[in-house]
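Data first, discussion second: the structure below is written as structure tokens.
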Amino acid sequence: GAVVSQHPSWVICKSGTSVKIECRSLDFQATTMFWYRQFPKQSLMLMATSNEGSKATYEQGVEKDKFLINHASLTLSTLTVTSAHPEDSSFYICSARRDSSNTGELFFGEGSRLTVL
Amino acid sequence: AQTVTQSQPEMSVQEAETVTLSCTYDTSESDYYLFWYKQPPSRQMILVIRQEAYKQQNATENRFSVNFQKAAKSFSLKISDSQLGDAAMYFCAYRRYFGNEKLTFGTGTRLTIIP
């Protein structure tokens with residue numbers, strides 16, 4: 001099956017610092033990746049759609065300058081939380097669509113738990 | 001905009017019994033995908049089953065099957081012979097067939113398996 005890996009799986013940082021989360025498709029190419037945020041005991045909320053070689057498309061209400069997304073290759077997308085604050089603490093999950101697939105399925109990373117002190 | 005509704009925040013079932021999780025959705029599209037994803041305590045999202053809207057036949061994957069009612073916009077998941085490993089959050093999700101491929105998730109149902 002297709003594997004998506006996220007790194008780091010958990011990170012603790014001080015308020016005001018920036019944190020980068022990586023999402024890699026290990027065995028397939030993914031032109032499009034998605035970044036979700038999940039609060040405790042809640043559903044996944046889409047933050048942005050990441051497209052290789054172009055600017056990400058952000059959902060309404062998501063600050064582009066705070067959540068920087070870069071999709072520099074067909075296997076890597078990164079999410080950088082800039083000037084993190086405690087309210088940014090959350091579980092961040094990426095997903096990817098395999099370019100060669102027509103099943104509609106998205107494959108998910110293991111998630112990254114961010115705690116901002 | 002598409003919406004997905006799961007009206008059961010929590011469900012429980014005796015081990016080896018059958019349980020059905022409900023999901024309804026709203027869309028103006030005629031072609032789309034529907035999914036059930038499982039999120040165990042590890043938080044890794046795992047695909048349970050997929051249904052294409054153009055297919056009339058209900059999808060089945062081993063102990064998991066769906067009841068897809070397109071006119072009613074209903075997509076329930078039936079788990080037969082429930083096992084302890086089935087305990088998890090279950091999310092119903094919708095995706096357009098063409099264009100934007102993002103998944104829209106329901107609020108989830110927490111399933112507890114009683115030994």
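Quick notes on this one:
- Here chain A is assigned +1 on the Cβ of each Lys and Arg and -1 on the Cβ of each Asp and Glu. Its dipole about the Cα centre then comes out at about 180 debye.
- Near-label residues of region B:77-106 by backbone N, under 19 Å of a point 7 Å along Cα→Cβ of B:Ser42: B:83-91
- Shape category assigned to region A:10-103 from the gyration tensor of Cα positions, a/c cut at 1.5: prolate
- For residues of A:91-98, the mean tally of beta carbons on other chains within 10 Å: 2
- Lacking any other cysteine beta-carbon closer than 4.7 Å, the following Cys residues of the protein assembly as shown have no compatible partner: A:Cys13.
- Diffusion coefficient, µm² s⁻¹, Stokes-Einstein with Kirkwood Rh over alpha-carbon pairs of chain B at 20 °C and 1.002 mPa s: 151
- Under 5 Å between amide hydrogens, built in the peptide plane, is the criterion, and for A:Met47 it picks out A:Trp35, A:Tyr36, A:Arg37 among residues at least 5 positions away or on other chains.
- Choice from B:Ala87, B:Ala16, B:Ala71 with maximal GNM fluctuation in chain B (Cα, 10 Å cutoff): B:Ala71
- Protection proxy ranking, peptides B:45-55, A:42-52, average beta carbon neighbours within 10 Å, highest first: A:42-52, B:45-55
- Cross-link pairs A:Lys41/B:Lys73; A:Lys20/A:Lys55; B:Lys38/B:Lys78; A:Lys41/B:Lys38 - those with Cα-Cα distance over 21 Å: A:Lys41/B:Lys73
Bear in mind these aren't lab numbers, they're just calculated from the coordinates by the rules spelled out. Keep in mind that what you see is a predicted model, and the values were worked out from it rather than measured. Note that we place each Cβ from the backbone using ideal geometry, even for glycine, and neighbour counts take in every protein chain shown.
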